[in-house]
Amino acid sequence: MTALYDIPLQTIDGAAATLAAYRGKVLLIVNVASACGLTPQYAGLEAAYEKYRGQGLEVLGFPCNDFGAQEPGTHEEIKRFCDTRFKVQFPLFAKLSVKTGSRHPLYQQLITAQPQAQYKPGSDFREKLAGYGIKQENPSDVLWNFEKFLISRSGAVVGRFAPDTAPDEPLLVQAIEAELAKG
């Protein structure tokens, strides 16, 4: 298995990349979408990035069109949307798939390392999606847009948070701060 830092990626501008540039940092990897009910989380992700960047946090956005075709735009359209609507400064990467069958190797590793997401207390997000006929094929599958994976400075996947866990939710903030404190 390729090390997490060595998996080939592409930036939203089309440049070849890996996560090696972020070695030694705490990473929050998020599958993002521009036309989702959770899209306002971009603002919270940017706020977390601005608040914790100096302490070593990198928020990394991976556009994904797997759920409800909620990221239909081109890379240029996605970039423009993120810039004009949310003033996103954190790194964005090329669109990828997180679903079984066409799942990108990055997400294969993330899911293998952390097969279950944590839900905030009282979350009924899974039930809401089921009410629309949307269910996970496998319990370990990414549920929806804006699911978050937390990576330690050493490259270990130390947390996975459900899509409705907002960036300022205490469950996520405490996990980020705990990893940053290990600095």
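Couple of notes before you dig in:
- Annotation note: Cβ proximity below 7 Å between a residue of the stretch 52-68 that is more than 13 Å from residue 30 (Cα to Cα) and a residue that is polar (S, T, N, Q) and buried (at least 18 other Cβ atoms within 10 Å of the Cβ) (sequence gap 6+ or interchain) occurs for 67/145.
- Answer from 80, 153 - the residue that is part of a loop (DSSP other than H, G, I, E, B), within 25 Å of residue 50 (Cα to Cα) and either basic (Lys, Arg) or over 15 Å from the mean Cα position of the chain (by Cα) (or both): 153
- Annotation note: Cβ proximity below 7 Å between a residue of the stretch 88-109 that is within 14 Å of residue 144 (Cα to Cα) and a residue that is hydroxyl-bearing (Ser, Thr, Tyr) and part of a helix (DSSP H, G or I) (sequence gap 6+ or interchain) occurs for 98/107.
- In the stretch 98-117, the residues that are among the aliphatic types (A, V, I, L, M) and not in a loop (DSSP other than H, G, I, E, B): 106, 110, 111, 113
- Unique match (being at negative phi, touching a Pro at 6+ places or on another chain (Cβ under 7 Å) and of a type in the set (Lys, Arg)) among 148, 135, 79, 95: 95
- Residue 20 meets each of the listed conditions (1) surrounded by fewer than 19 Cβ atoms within 10 Å (Cβ to Cβ); (2) outside any helix (DSSP H, G or I) apart from (2).
- Within the stretch 1-36, being of a type outside the set (Val, Ile, Thr) and in contact with a Ser or Thr (Cβ under 7 Å, 6 or more places away or on another chain) holds for 5, 6, 8, 9, 17, 33.
- Applying the set (1) touching a His at 6+ places or on another chain (Cβ under 9 Å); (2) assigned to a loop (DSSP other than H, G, I, E, B) to residue 62 leaves exactly one unmet item: (2).
- Within the stretch 103-125, considering residues that are of a type in the set (Gly, Ala, Ser) and more than 17 Å from the chain's Cα centre (by Cα), the one surrounded by the most Cβ atoms within 10 Å (Cβ to Cβ): 123
- A single member of 71, 50 is of a type in the set (Asp, Glu), over 29 Å from residue 137 (Cα atoms) and either at pLDDT 95 or above or buried (at least 22 other Cβ atoms within 10 Å of the Cβ) (or both), and it is 50.
- Only one of the listed residues (182, 135, 148, 128) is more than 15 Å from the chain's Cα centre (by Cα) and touching a residue at least 24 places away in the same chain (Cβ under 8 Å). That residue is 182.
- Which listed residue, of 135, 95, 120, is within 13 Å of residue 33 (Cα to Cα), charged (D, E, K, R) and assigned to a loop (DSSP other than H, G, I, E, B): 95
- Selection from the stretch 1-38 of residues that are free of Cβ contacts under 8 Å to residues at least 24 places away in the same chain and closer than 16 Å to residue 164 by Cβ: 37
- Taking the stretch 160-171 as the range and being buried (at least 21 other Cβ atoms within 10 Å of the Cβ), free of Cβ contacts under 8 Å to residues at least 60 places away in the same chain and either part of a loop (DSSP other than H, G, I, E, B) or of a type outside the set (Lys, Arg) (or both) as the test, the residues that pass are 161, 162, 165.
The values are calculated or read from the model by the stated rules, or taken from the named source; none is laboratory data. Computed from a prediction, not measured in an experiment: that's the story for all the values here. Cβ: placed from backbone, ideal geometry, glycine included. Neighbour counts: every protein chain shown.
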